[in-house]
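Encoded as structure tokens, the structure appears first; notes follow it.
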Amino acid sequence: MKKPAFSTLAAVDLGSNSFHLLVAEAQEHSFRVIDRMREPTKLASGLDEQGNLTDAAMDKAVECLARFGERVRSLPAGSVRAVGTNTMRQARNSAVFLRRATRALGHPIDVISGYEEARLIYLGVSHDLEDDSDTRLVIDIGGGSTEFILGRRFEPLMLESLHMGCVSMSVRFFPDERITKERMRRAEIAALQEVELIRRAFRKTGWQSVIGSSGTILSVVDILREFGLIKDGIQLWGLQQLRDLLIERGTCNIPEFQQLSSDRRPVFAGGLAILLAIFTELEIDRMRVSDSALREGLLFESLGRLHAEDTRERTVQGLIQRLHVDAAQAQRIAATSELLLRQVARDWDVGGDEGLRLLRWACLLHEVGMGVSHSQYHKHGAYLLANMDLPGFARGEQRRLAALVRCHRRKVAPQELQSFDDETNVRLLRLCVLLRLAVVLHRRRDESPLPDIQLSVDGDQVKLRFPEQWLEQHALTQADLASEADYLKAVGLRLKVR
């Protein structure tokens, strides 16, 4: 087994209700938690009517991440995985917030899709359970979304993410924290309407056990236990009696709710309404709980990457098979682009190992759009990669991969490469040049070996040198490179071939 490059890992969960930090010591197949931090940020409550995070909400979140940064800033690159979830998926100005947040934390922050969030939650929960062959239904109620996963052992079979969470539901139906029978009824109906969308598919597959995770469900368990309303797991009768108790008291701000933290009380009623709807619509008899969820899933994912078990690699290979990509041609181009990259690595910073991986994946998937149509296949491929659910990939990674595929042939679309920050723009353009050159050099699509090609860079000049008389003997390649020089000139690069 490959020895990890570092012994300490960290996971940061930028949730819609609170931010969490988990620091752990990496072990062979698991980890040992050595530090935890949690701060209520209520990021979801900071969205204005236009869907933008307010300055006050961003300031509070950045201050929290700066404190987290004091703990993890010194950890090596790649050892900290930080992800934003539903609120950051929704926020129209998330890019502005991400720049500030990344500086405060000292490590990159990815925004993940609802499906990727569900996959990581299942990964964390499944490692907390006995390794049996039962089909499990895992449910996680977050601040802005609720994830549903059917899986067996460590493999998810079905993933869904619904746009309802304890914060959004509480803001909508309990804005002043007053709980009435009518408000609770309307909240449950709204949640039922969401769960109804997935009921048929999930019930058709079925499950043998149900597991709940994360703050809302763990808080419900604490209160059920406080009032003696739990027996052999969460059951519907206990939830119904807890609902009646809340309606009777009219608020969660009562002495009897000692187990409920002050930041959890304003969003508890919305979370309970969602859980009641889930039990009712999916006809759940009993739910066990797990202390593990997204953060633990991030750590297990990081462990996998350390030991060359990267989910992203499996995703790429799966796409190659499913969309009938010419694997031999893709591998040829990947090998040549890597060879070219190593020749200019000293002069071109393309992001280290992550840049090399991104280039390789772009090479392997550059023809993925041919399954749609050969005409404009680079555009079709970019659209697929930007919009498909790709397990293991964060949204930013998908966008960068899609941009390389979009720009690997014909005119370089500057808007595709200039929609990132300046440093990423430069790196993507450089990776794009390497991909484009490899594609041109392998246009014949055969096994004929290439000659000894030398690539060097000097400022805006890209110099490609071939053995003497080789180009004269390969007129088509010479013509293709002349066309490529014109394409690169349009983006400020001069290709010199000799």
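Would you kindly identify the helices (runs of 4 or more DSSP H) lying entirely within the range 352-461 that contain at least 1 residues that are more than 30 Å from Val83 (Cβ to Cβ), of a type in the set (Val, Ile, Thr) and in the same structural domain as Ile320 (by TED's automatic domain parsing)? Spell out the reasoning first.
Numbers: elements: 352-365, 377-387, 395-406, 414-417, 422-441.
In the range 352-461, the matching helices (runs of 4 or more DSSP H) lie at 422-441.
Every residue, every condition in (1) among the basic types (Lys, Arg); (2) within 20 Å of the chain's Cα centre (by Cα); (3) closer than 22 Å to Ser262 by Cβ, yes or no:
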{"site": "Leu14", "(1), (2), (3)": "no, yes, yes"}
{"site": "Phe19", "(1), (2), (3)": "no, yes, yes"}
{"site": "Lys42", "(1), (2), (3)": "yes, no, yes"}
{"site": "Gly46", "(1), (2), (3)": "no, no, yes"}
{"site": "Met58", "(1), (2), (3)": "no, no, no"}
{"site": "Arg71", "(1), (2), (3)": "yes, no, no"}
Does Arg286 satisfy the criteria of being modelled with pLDDT of 95 or more and within 30 Å of Ile223 (Cα to Cα)?
yes
Six or more apart or on different chains, Cβ under 9 Å: which pairs go from a residue in the range 285-313 that's free of Cβ contacts under 8 Å to residues at least 12 places away in the same chain and part of a helix (DSSP H, G or I) to one that's surrounded by 15 or more Cβ atoms within 10 Å (Cβ to Cβ) and among the aliphatic types (A, V, I, L, M)? Could you list them?
Gly304/Leu123
Which of the following residues is assigned to a strand (DSSP E or B), among the β-branched types (Val, Ile, Thr), assigned by TED's automatic domain parsing to the domain that holds Gly142 and surrounded by 12 or more Cβ atoms within 10 Å (Cβ to Cβ): Ile223, Ile211, Ile198, Ile217?
Ile211
Of everything in the range 261-298 that's crowded, with 18+ Cβ neighbours inside 10 Å and of a type in the set (Asp, Glu), which residue is farthest from Arg38 (Cα to Cα)?
Glu281
Quick one: Ala104 ticks every box in (1) surrounded by fewer than 22 Cβ atoms within 10 Å (Cβ to Cβ); (2) under 19 Å from the mean Cα position of the chain (by Cα); (3) of a type in the set (A, V, I, L, M, F, W, C) except a single one, so which number is it?
(2)
Return the residue satisfying two criteria in turn: it lies in the range 134-177 and is over 22 Å from Ser113 (Cα atoms) and in contact (Cβ under 8 Å) with a residue 60 or more places away in the chain, and of such residues it is farthest from the chain's Cα centre (by Cα).
Glu177
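The values are calculated or read from the model by the stated rules, or taken from the named source; none is laboratory data. Please read these numbers as outputs of a predicted model, since none were measured by experiment. Cβ coordinates were reconstructed from backbone atoms using ideal geometry, including for glycine residues, and neighbour counts include every protein chain displayed.
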